[in-house]
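The values are calculated or read from the model by the stated rules, or taken from the named source; none is laboratory data. What you are looking at is a predicted structure, and each value in this text was computed from that prediction instead of being measured. All Cβ positions, even for glycine, are placed from backbone atoms using ideal geometry, and neighbour counts span all protein chains on display. Quick note on the areas: whole protein, heavy atoms, side chains included, nothing else; ligands and nucleic acids left out. Shrake-Rupley method; radii C 1.70, N 1.55, O 1.52, S 1.80 Å.
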Amino acid sequence: MPVRVRCAPSPTGYLHIGVTRTALFNFLYARHNQGRFLLRIEDTDKERSREEYTRSIQEGFAWVGIHSDEPPIFQSQRQEYYQSLFNQLLSEGKAYRCDCSKERLEELRASQSARGLTPQYDGHCRERTDVSPAGSVIRLKTPHEGTVALQDSIYGEFTFNNADCDDYVIAKSDGTPTYQFAVVADDHAQGVTLVIRGNDLFPSTHRQILLYQAFAWDVPGFAHLPMILGADKQKLSKRHGATSLLAYRAMGYLPQAMCNYLVRLGWAYGDQEVFQMDEMIEKFTIDSIGKSPAVFNPDKLLWLNGEHIRLLGISELTEAWLDHLDHLDEDQVYLEAAPGTSQPIRVPDLAALRNPSHRDWVELLVGACQGRSSTLVQLTDHALPFLIRDIQYDAKAVAKVLNAEARIPLTEVLGWVQKHNPLPDENRIHEFLDNLAKSLDIGLGKVAQPVRVAVTGRTVSPPINTTLLILEKSQGHGILAERLQKALLLIPKAE
Ligand code: GLU
């Protein structure tokens, strides 16, 4: 039977990383088995479902490359289908209408709890034929004896006692289906062969199998995934860090690193940590999913992101960086007042970075920052001195490096750049700096460090010859002398 799996999020919040992991496992399982992966939006809860959440689900999955093989279906558009199924169950005597009041149900629950019993509907309306459709709910007539056996692909055999399942509600009083009903109706309609989902839904599986049985439909397989916990072993929540997938795009994570990190939450392949999507597809099997909860570790995610940043080709990394910058909110972009005005400008200037005639220095810059960046936000930070017109000096760097000793090397370098427009290649720049150090009888660092602080404002930057070249290409040759002169003015006058 061809494999068909699905991810069925409810759009009641931004796409959660836990839901993304469930989607990824389904997606990998489908691809590994040449099957199909389907997306279904479970938006039956009108109060809590919102379009912006649906958009975040679709955008998030698109960002990490989890694509549905068929157009997504929306449960809010399938009322007619559900209605026909309700009619079928009612006419076959497998479901019944119930108009028990909220007060009655509350009393029932309270008295059962007081007697130490698990609250259950008592079947009050089960044999009634006089309940009016208006304002009533529909309940499934569940068997109260016997058992249901489940062969979970991850947890193994499990037996549910039917006595534990009451006649639960399948249609709300407004006629729309409950989650338990719609999920079964659609998994059947979509021909789902294996339901891979979080094990928080394990208790629902009993109810759902009883519904398949009521319709005499084939029951799909089930694979319940271990939960994702925070370091304190509590359910993953905002306390442990961002839980919305797209927040990680804004924080400078690569989609491939997210997938790589998420796949390892519950799944393993020997000791291997770094996977590309193709490799995950090739190696993914349900058998290698563990039973114990996975612990979310932001440090490991950061490390993996750095690994993936370094694995990317410069052109791909440049695209990923520009995509990240493109999606930052206004309050996340770097703003700098344009010289002579109080008008803030957007830095980095995306239009300039995307300009094809700037591509060579942009790639040079990205390549120079790649090794030291674990996130794209760090990459932006390393790149910033090359992207802003007005240099910002780090006061500590100035105090430490721009001292009396720096005056001669800086003056020499200033004279040299004024004579070399444009700069020669990297080797020649290095040669010049090296010779200068020798002629002044000082170490190369005593030349390179003042120049670095002078032109970037910081003590850390790409190799000094590369730094000078990129700066010349990004801001024009004149910026070099401009910044060196500015730095010379910062050197305290000798007493
Ligand atoms: N819509 C359900 C949820 O978001 C998941 C349904 C399922 O996977 O069975 O929790």
Accessible area per residue in Å² at 1.4 Å probe, computed on region 186-284: 38 Å²
Sequence ranges 203-214, 101-112, ranked by mean other-Cβ count within 10 angstrom, highest first: 203-214, 101-112
Rounded, prolate or oblate (a/c below 1.5 giving rounded, otherwise prolate when a/b exceeds b/c) for region 373-431 by Cα gyration tensor: oblate
DSSP-assigned coil residues among trypsin sites (Lys or Arg not before Pro) in region 6-99, each with at most 13 further Cβ atoms within 10 Å: Lys46, Arg48
Free-standing Cys, the chain [no other Cys Cβ under 4.7 Å]: Cys7, Cys100, Cys165, Cys259, Cys369
Percent accessible area from carbon and sulfur atoms, region 202-286, protein chains only, probe 1.4 Å: 52 percent
In Å², nearest 10: area of His32 left accessible to a 1.4 Å probe: 60 Å²
Nearest 10 degrees, 0 to 90: helix 445-456 Cα axis against the chain principal axis: 60 degrees
Accessible-area composition of region 43-90, carbon plus sulfur, in percent [1.4 Å probe]: 46 percent
In degrees, nearest ten, helix 79-91 long axis to first principal axis of the chain (Cα): 20 degrees
Trypsin sites (Lys or Arg not before Pro) within region 250-298: DSSP coil, no more than 13 neighbouring Cβ in 10 Å: Lys291
Estimated FRET transfer efficiency (Asp425, Glu319; beta-carbon r; R0 25 Å; 0.05): 0.40
Residue-normalised accessible area of region 11-62, expressed per residue, 1.4 Å probe, Å²: 42 Å²
Region 133-140 - phi-based ³J(HN,Hα) in whole Hz, Karplus 6.51/-1.76/1.60, Gly and Pro as x: x, 5, x, 9, 9, 10, 10, 7
Cα gyration tensor category, rounded, prolate or oblate, for region 231-285 with a/c compared to 1.5: oblate
Vicinal HN-Hα couplings computed from phi for region 469-485 (Karplus, 6.51 cos²θ - 1.76 cosθ + 1.60; Hz; Gly/Pro x): 5, 5, 5, 4, 6, 7, 10, x, 4, x, 5, 5, 5, 4, 6, 5, 5
Degrees between helix 298-311 axis and first principal axis of the chain (Cα, 0 to 90, nearest 10): 60 degrees
Helix-derived mean residue ellipticity, 222 nm - over the chain, DSSP H n ≥ 4, -39500 (n - 2.57), to 500: -14500 deg cm²/dmol
Counting DSSP beta bridges with both ends in the chain, the antiparallel % (nearest 5): 60 percent
Accessible area expressed per residue, region 382-470, with surrounding protein chains retained (probe 1.4 Å, Å²): 48 Å²
Anisotropy class of the chain from Cα gyration tensor, a/c 1.5 cut: prolate
Neighbour-limited loop hits for GluC sites (Glu not before Pro), region 265-355 (at most 14 other Cβ within 10 Å; DSSP other than H, G, I, E, B): Glu273
Phi to ³J(HN,Hα) by Karplus 6.51 cos²θ - 1.76 cosθ + 1.60 over region 196-207, Hz, x for Gly, Pro: 9, 7, x, 7, 5, 8, 3, x, 6, 4, 4, 4
Carbon + sulfur, % of accessible area of region 91-158 - ligands and nucleic acids excluded, 1.4 Å: 49 percent
Additional length obtainable on full extension of the chain from Leu105 to Gln77, 0.36 nm per residue less Cα span: 7.0 nm
At R0 = 30 Å, FRET efficiency that the Cβ-Cβ distance of Arg239 and Tyr334 yields, to 0.05: 0.55
